[in-house]
Structure formats: structure tokens, C-alpha cells
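The values are calculated or read from the model by the stated rules, or taken from the named source; none is laboratory data. Predicted model only: the values in this text are computed from it and were never measured. Backbone-built Cβ (ideal geometry, glycine too); neighbour counts: all protein chains shown. Note: areas computed on protein heavy atoms with side chains; ligands, DNA, RNA excluded. Shrake-Rupley method; radii C 1.70, N 1.55, O 1.52, S 1.80 Å.
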Amino acid sequence: MPFAILIGVIVFIFEFAPQIGAYISGFIGVLFAATQGWEVALIYAIFVSLVQGVLDAQVLAPRILGHAVGLHPVVSLFAMLIFGSLFGLLGAILAIPIAGVASVFVYASWNAWRESHPEQFPEEKKEEEKQGVDAPEVGIVET
């Protein structure tokens with residue numbers, strides 16, 4: 001493969017652009033491979049499609065982005081799928097940040113609801129009472 005180091009640098013730079021960077025660097029790599037013949041370009045295109053399209057975009061990116069934002073990988077994958085389908089490329093690019101912000105609001109709302117309506121969550125009250133009865137006394141000893 002000609003210019004392998006240059007292609008590596010191009011892939012490194014374009015991977016910082018979510019969703020589209022992998023395809024742009026793959027296209028540039030196919031153009032470089034086309035200088036060696038259409039067979040080499042076809043093999044490179046198939047390899048790039050499998051590795052970047054399937055492994056990177058469908059497996060690694062949701063896990064890495066979801067972990068960085070604090071989302072479960074399944075939630076981040078569904079967010080990318082839904083926002084990408086509804087809003088196209090811009091939706092796919094903004095899916096993870098929007099899902100992260102939405103999860104913070106949902107979590108804060110849930111905690112506020114639990115604190116303001118304790119009668120709807122009797123399991124926690126029973127656990128607290130049980131721990132109070134069975135737990136040994138722990139405290140500060142004054143002398």
C-alpha cells in the first residue's frame with residue numbers, strides 16, 4: 001500500500017470528526033489505493049468499510065462516547081440511531097451530547113420526585129427501619 005504512513009496520519013486526524021471522519025479518511029485511502037489498481041482499491045474499500053463502518057462506528061464509538069458522557073452503550077447506540085434517522089448527519093453528530101444532557105435532567109427529576117413523594121417508595125423506608133433495628137450502634141464516644 002503506497003503512502004501507508006500518510007494514510008495513517010490522515011485517519012488519525014479525521015477520526016476526531018465524529019461520524020463523518022472515518023468515511024472521509026476511508027475515501028482518501030481508497031483514492032491512494034486506486035493508484036495501485038482497481039483490485040487493490042476494492043480490497044481496501046471492503047476492509048475500510050468493515051473495520052470503520054462496522055467495528056468503529058457501530059461498536060467502539062458508542063461505547064467510548066457513552067462512557068465519556070456517562071451513558072450506557074445501548075442508550076448511546078439507540079440515541080445515535082434515532083437522532084441519525086430523524087435529523088440526518090447533524091442529528092448523529094449531536095446524538096450523544098443531547099442524550100447525555102437528557103439523562104442528567106431525567107435523573108435529577110427522578111431524584112426530586114423521590115424526595116418529594118416518599119410515601120410512593122415504601123421499600124426504601126422499610127430498609128432504613130430494618131437497618132436501624134438490626135445495625136449495631138456506631139457513633140462518637142465522648143469521654
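Among 109-119, 93-103, the peptide with the highest mean count of other Cβ atoms within 10 Å heads the list, and the full ranking is 93-103, 109-119. For GLY26, the shell of other residues with beta-carbons less than 12 Å away shows a net charge of -2, using +1 for Lys and Arg and -1 for Asp and Glu.
Pull out the extension gain between ALA112 and GLU15, defined as 0.36 nm times the separation in residues minus the alpha carbon to alpha carbon distance; nm, one decimal. The partial results should precede the final answer.
Numbers: separation 97, 0.36 × 97 = 34.92 nm, distance 3.93 nm.
Working it through step by step, the gained length comes to 31.0 nm.
So what is the relative contact order for segment 1-124, in percent, with contacts set as C-alpha pairs under 8 Å and at least six apart? Before the final figure, lay out each step's value.
On the way: 92 pairs, mean separation 18.6, N = 124.
Across segment 1-124, relative contact order equals 15 percent.
Measuring nothing but alpha carbons in segment 1-115 and taking Rh as the Kirkwood radius, the Rg to Rh ratio lands at 1.14.
Residues VAL106, VAL74 ordered from highest to lowest accessible area at a 1.4 Å probe: VAL106, VAL74.
For segment 1-53, the calculated P(r), taken from all Cα-Cα distances in 10 Å bins from zero up to the bin holding the longest distance, is 29, 57, 14, 0 percent.
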